[in-house]
Ligand code: SF4
């Protein structure tokens, strides 16, 4: 870790977000220079029999939701892969698949192997704080021939952020397959939303603590362009969940692709579109 | 001069010129700008207090002849969606504002040719008669100019009459960018040239009123023009010292004739910090959470802002253009305190009124701002018949043709 434990303890509670952001931005630059990657994602529901209509601009097709059975999941994966025209297909939360394995009385690896055999390339997310056995589950993903699109956190009290990030870094030391970590919580409470200071602190601390995961990711659709753009200046280097639907009824400049590029450039960085495999498009 | 030299000059309390300001805005790293602005904020407000006001942003009419190309709020004369609020509706809004601890209306509206100066005078008098200590922060410079043209009376006389009727202070709206090339491009040169806008403020300050100053950026202006705007405000403030605060907000493009895209959050923080550095004679800078959202609104406190603006209860103009953020008093205070500051209520003069109201008594939570008209439909209150209309449609409506 690039800062000492004592420094980390003081940075974790600092209100000087500019100082914290500077340290995190420096680390980000050492690793990625001015490159900021983003991926355009098309979400399709897990529970549906309708063949999906997929936007050709998508760099990742993501199956979202909780399948009721393994058979349902496998058949949906096959259907989506058939429609994906070669675009990488990701799907499901690893925590939900752990639960599915329990319900099906099957090993997690069997579930993962069957999904892989049906054409799934990536597990869409592994919510670290929801996994029963994070190390084992992530290793099983790897052994089954799948990749993990991102490690996430479902919920996060800011007081526990550093401890959780340290646990994430420890997991990565063991498994070494996590390509991207999204440190902001997926579950948002509209009555008491996280604050801007809180989000900035979490992103910056994640860059400092989880320094063995290449990308610190921020979710464009969940957190919105404004916070996502600020996050890029305090340690994040990858933007997830940009809409793949690029029709722009109010003019070209407002299409998602233009908007994400404009925001990255305005943050002083160079936008690079990638696909779900983390390959430039 | 290099960025470092300019930064040193700012850090030492020196005043920068337009060229230096432009160099900082264009080239200084965002954290450098933030640091410089934050140090100025801390010097001016050493107690770590961040203020806010409880008031209500009421738009008395959406009928407007100015037709600015960046505006999604106005309706043309005769439009079925045009409205004028009745006095009783405005009283009801004041009652609701007082109920949550507010003491002021920010009252602005379109340039409606069918509302004569007497309507405003009667409204202000009626408000003051019913609510003697309630404040009217009302009529931005272009509205005053509109009334001056309508009555063919000089600005000073119009302002004097409005003050006599109860006007307490003037909001800084309608400034957009105080450069006439930009104003022509935005179709707002006609409503007020740069010099006319500044002149209304000069008159107001000389008449003893305090006013705010604003900037709507992110349309067609260049970086130079953004800086020129700030320089003009700084020059008038040197002359009159009448501005209480500066508020910058980004152009909101939805449903406007101009369309285009909104400036980004980082641009907002850079613009705010640059303004804090340039406007060395302004006491306060507001965060525009209404256009930036609560998160970037809060981050503004690290980039030079010392005020979280208004718990505005109601908002119509930027909402019409696509921004629909809401923060009630509890949320504003939570954000101020989370950033490490002390939250205090203030009035329009930035005098501290006290601690958050919700800590004293129960205030209903507010998860969305109200609008002037929840149904959105047009209307013309009965009492308007007492006032002469200018437009054909207005005359017909009031049966004055
Ligand atoms: S900004 Fe004001 S003056 Fe311009 S059109 Fe809208 S309401 Fe009228």
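Observations
- Rounded to 5, percent antiparallel among DSSP beta bridges of segment B:48-377: 10
- With both residues required to sit in the protein assembly as shown, DSSP beta bridges show an antiparallel share near 5%.
- Helix A:256-266 vs. chain A, principal-axis angle (Cα, 0 to 90°, nearest 10): 20
- Each Cα pair under 8 Å and six or more residues apart adds its sequence gap; the mean of these over the residue count of segment B:48-377 is a relative contact order of 22 percent.
- Residue with peak Gaussian network fluctuation, chain B [Cα springs, cutoff 10 Å], from B:370, B:284, B:169: B:370
- Two-site label geometry, residue B:81 and residue B:382: point separation in nm, points 7 Å out along Cα→Cβ: 2.9
- Taking one quarter of the surface of the C-alpha convex hull of the protein assembly as shown gives a mean projected area of 31.3 nm².
- R0 of 25 Å, Cβ-Cβ distance residue B:220-residue B:153: FRET efficiency to nearest 0.05: 0.15
- For peptide B:28-36, the mean count of partner chain Cβ atoms within 10 Å of a residue's Cβ comes to 4.
- Of all beta bridges that DSSP places with both ends in chain A, some 5 percent have antiparallel geometry.
- Packing-based exposure ordering (other Cβ within 10 Å, fewest first) of A:128, B:70: B:70, A:128
- Helical contribution to [θ] at 222 nm, DSSP H n ≥ 4, -39,500 (n - 2.57), averaged over chain B, rounded to 500: -12500 deg cm²/dmol
- In plain terms, if you count all Cα to Cα distances in chain B and split them into 10 Å steps from zero, the share in each step is 5, 23, 34, 26, 9, 2, 0 percent.
- Direction-averaged projected area, Cα convex hull, segment A:5-272: 14.4 nm², rounded to one decimal.
- Counting beta carbons within 10 Å around each of B:267, A:133 and listing the fewest first gives the order A:133, B:267.
- Fully extending the segment from residue A:19 to residue A:64, taken as 0.36 nm per residue of separation minus the present Cα-Cα distance, adds 12.4 nm.
- C-alpha long axis of helix B:155-165 to longest principal axis of chain B, angle in °: 70
- Taking the longest Cα principal axis of chain B as reference, the axis of helix B:18-27 is set at about 80 degrees.
- With the largest listed first and rounded to whole Å, the semi-axes of the equivalent ellipsoid of segment B:1-123 from the Cα gyration tensor are 43, 22, 12.
- Shielding by partners, peptide B:256-269 (average Cβ within 10 angstrom, other chains): 5
- For the segment B:295-306, counting C-beta atoms of other chains within 10 Å of every residue's C-beta and taking the mean gives 5.
- The simple spin-label model puts a point 7 Å past each Cα toward its Cβ; for residue B:368 and residue B:239 those points are separated by 4.5 nm.
- Per-residue ellipticity at 222 nm from helix content only, as computed over chain A with -39500 (n - 2.57) for each DSSP H run of at least four residues, stands at -13500 deg cm²/dmol.
Values quoted throughout were computed directly from the atomic coordinates according to the rules given, and no laboratory measurement underlies them. All values reported here derive from a predicted model rather than from experimental measurement. Positions of Cβ are backbone-derived with ideal geometry, glycine not excepted, and every protein chain shown enters the neighbour counts.
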